[in-house]
1. Any residue in segment 72-85 that is closer than 10 Å to residue 96 by Cβ sitting within a Cβ distance under 8 Å of a residue that is open to solvent by 80 Å² or more (accessible area, probe 1.4 Å)? List the pairs, counting only those 6 or more apart or interchain.
2. Just one of 103, 9, 40, 31 is assigned to a helix (DSSP H, G or I), open to solvent by 60 Å² or more (accessible area, probe 1.4 Å) and out of contact with any Ser or Thr (no Cβ under 9 Å at 6 or more places or on another chain); which is it?
3. Can you tell me which residue within segment 12-23, out of those that are among the aliphatic types (A, V, I, L, M) and open to solvent by 50 Å² or more (accessible area, probe 1.4 Å), is nearest to residue 76 (Cα to Cα)?
4. Taking residue 59 and the conditions (1) among the charged types (D, E, K, R); (2) open to solvent by 60 Å² or more (accessible area, probe 1.4 Å); (3) touching a helix residue (DSSP H, G or I) at 6+ places or on another chain (Cβ under 9 Å); (4) at pLDDT below 95, which numbered condition does it fall short on, given that it satisfies the others?
5. If you go through segment 75-86 one residue at a time, do you hit one that is open to solvent by 50 Å² or more (accessible area, probe 1.4 Å), farther than 22 Å from residue 5 by Cα and either assigned to a helix (DSSP H, G or I) or modelled with pLDDT of 95 or more (or both)?
6. Do the conditions hold for residue 51, that is, is it modelled with pLDDT of 95 or more and buried (at least 17 other Cβ atoms within 10 Å of the Cβ)?
7. Say whether the condition of being under 17 Å from residue 106 (Cβ atoms) and without any contact (Cβ under 8 Å) to a residue 60 or more places away in the chain is met by at least one residue in segment 10-24.
8. Quick check: is even one residue across segment 21-28 farther than 25 Å from residue 95 by Cβ and not in a helix (DSSP H, G or I)?
Amino acid sequence: METIRDLDEALRITGGSRELADELYGQFIDELPAQMAQIEALFAEGADGPLREMLHQVKGGAAVCAVKPFIEALDSLHEDVKARAGADQVRDSLALLRQRAGELLAP
């Protein structure tokens, strides 16, 4: 399995501070369940604009934490929504995002 978090990259982003990198990661993980619930709700509503905005917002936190597989799943879903891809493709991208979120939230 891919590495979920690129700690070297997270440390580079935080100027070498492991404490800050861990604090930001902890905050990101704490907020992720609510963010995923909001993504799911916006998807169910068919609110493409707000969904794209939410995905972009979540990506900001994910980028600081250097969780590359999750970022890749966010990007995939964002592009599918933006391109108005077929419903099956969007659902598949959302399923991958759920999987990556589950990997991050696993104990």
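1. If the second residue must be open to solvent by 80 Å² or more (accessible area, probe 1.4 Å), the pairs left are 73/99.
2. When all the criteria are applied, what remains is 31.
3. Start the filter on segment 12-23 by keeping residues that are among the aliphatic types (A, V, I, L, M), which leaves 13, 20-21.
The next check asks that each one be open to solvent by 50 Å² or more (accessible area, probe 1.4 Å); those that pass are 13, 20.
Working: 13: 23, 20: 28 Å.
Here the residue is 13.
4. The one condition residue 59 does not meet is (4).
5. For segment 75-86, residues open to solvent by 50 Å² or more (accessible area, probe 1.4 Å), farther than 22 Å from residue 5 by Cα and either assigned to a helix (DSSP H, G or I) or modelled with pLDDT of 95 or more (or both): present.
6. Criteria not met by residue 51.
7. No: zero hits.
8. Of the residues in segment 21-28, the ones farther than 25 Å from residue 95 by Cβ are 21-24, 26-27.
This time we only want the ones that are not in a helix (DSSP H, G or I), so: none.
No.
The values are calculated or read from the model by the stated rules, or taken from the named source; none is laboratory data. Treat the numbers as computed from the prediction; the structure is a model and nothing was measured. As a convention, Cβ positions derive from the backbone with ideal geometry for all residues, glycine included, and neighbour counts pool all protein chains shown. Only protein heavy atoms, including side chains, enter the accessible area calculation; ligands, DNA and RNA are left aside. Shrake-Rupley method; radii C 1.70, N 1.55, O 1.52, S 1.80 Å.
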